[in-house]
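What follows is a short report on a single structure.
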Amino acid sequence: MVDEATKRTLAQIPLLKTKAGPRDGELWVQRLKEEYQSLIQFILMHYIFAVCSEQQGADNDWFRLESNKEGTRWFGKCWYIHELLKYEFDLEFDVPVMYPTTAPELAIPELDGKTAKMYRGGKICLTDHFKPLWARNVPKFGIAHAMALGLGPWLAVEVPDLIQKGIITHKDNLTIGAAS
């Protein structure tokens, strides 16, 4: 079952058509174009929502991504705002050889070993919730879907928990409510 919030998110992201991975030559080039278009549309929808709903102060902008020339290696930043503080992390992933049948494994290396919901190398655990959804939607899901339905919810659950446990602190060592 897909909840209403997930359905709203899915409605904002164009579905992809080309079933191709990095080894598929010109088909991969077509798929990569669809990936970029989907990412751009997803980001634009967040921006338009923020402006139209008069929530200009809302931080609907929560990641930056770029890829190598071949579109097989992606890297950038992602962040989460918690109690008005921005926690920013490096993000990276490779497009699997079996893509899009296999979802990418998103990694936040600096959090490696800091939560049980992570694999070696800082790869975030998406097995229980996101990967079954991905498998049912091959080849329609792409990188934008992995960000919106995988990374976004993971950050929303894990970052506040890691902060509360004192495992991560703000880069400026700011803590809310701490005695001075």
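The values are calculated or read from the model by the stated rules, or taken from the named source; none is laboratory data. Bear in mind the structure is a predicted one, so any value in this text is a computation, not a measurement. In this analysis, Cβ positions are derived from the backbone assuming ideal geometry, glycine residues included, and neighbour counts consider all displayed protein chains. Note: accessible area is taken over every heavy atom of the protein model, side chains too, but ligands, DNA and RNA are not part of it. Shrake-Rupley method; radii C 1.70, N 1.55, O 1.52, S 1.80 Å.
Tell me, rounded to the nearest percent, the portion of alpha carbon pairs in the range 99-180 spaced more than 14 Å apart. Don't skip to the answer; put the middle values down first.
Values: 2181 of 3321 pairs.
Looking at the range 99-180, the distances longer than 14 Å represent 66 percent of pairs.
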Once K69 and K19 are pulled to full extension, the length gained, defined as 0.36 nm per residue separation minus their Cα-Cα distance, is 16.0 nm
Could you sort R120, R8, R31 by accessible area so the largest value comes first, with the probe set to 1.4 Å?
-> R120, R8, R31
Measuring from the lowest to the highest alpha carbon on each principal axis, how far does the range 75-142 reach, largest first, in angstroms?
-> 37, 24, 23
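Volume per residue, Å³, of the convex hull around the alpha-carbon atoms of the chain? Working shown, then result.
Details: hull volume 23.4 nm³, N = 180.
Roughly 130 Å³ of hull volume per residue.
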Lys/Arg Cβ at +1, Asp/Glu Cβ at -1, dipole of the chain taken about the Cα centre: which of T102, N68, L126 is farthest positive-ward?
-> T102
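Between E26 and V157, what's the calculated FRET efficiency when r is the beta-carbon distance and R0 is 35 Å? Round to 0.05. All intermediate terms of the calculation are to be shown ahead of the outcome.
Values: r = 40 Å, r/R0 = 1.13.
Computed FRET efficiency for E26 and V157: 0.30.
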With the charge dipole of the chain built from beta-carbon charges (+1 for Lys and Arg, -1 for Asp and Glu) about the Cα centre, the Cα from W28, A144, L10 projecting farthest to the positive end belongs to W28
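Once R0 is set to 25 Å, what does the formula 1/(1 + (r/R0)^6) return for the Cβ-Cβ distance between R120 and Q12, expressed as a FRET efficiency to the nearest 0.05? Mind showing how you got there, number by number?
Numbers: r = 33 Å, r/R0 = 1.30.
For R0 = 25 Å, the calculated efficiency reads 0.15.
Tell me the mean residue ellipticity at 222 nm calculated for the chain from its helices only (DSSP H runs of n ≥ 4, each -39500 (n - 2.57), averaged over every residue, nearest 500). Mind dumping the intermediate values first?
Details: 5 runs with 60 residues, N = 180.
When only DSSP H runs of four or more count, the value is -10500 deg cm²/dmol.
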Mind checking the angle between helix 26-52 and the chain's longest principal axis? C-alpha axes, 0 to 90 degrees, to the nearest 10.
-> 40
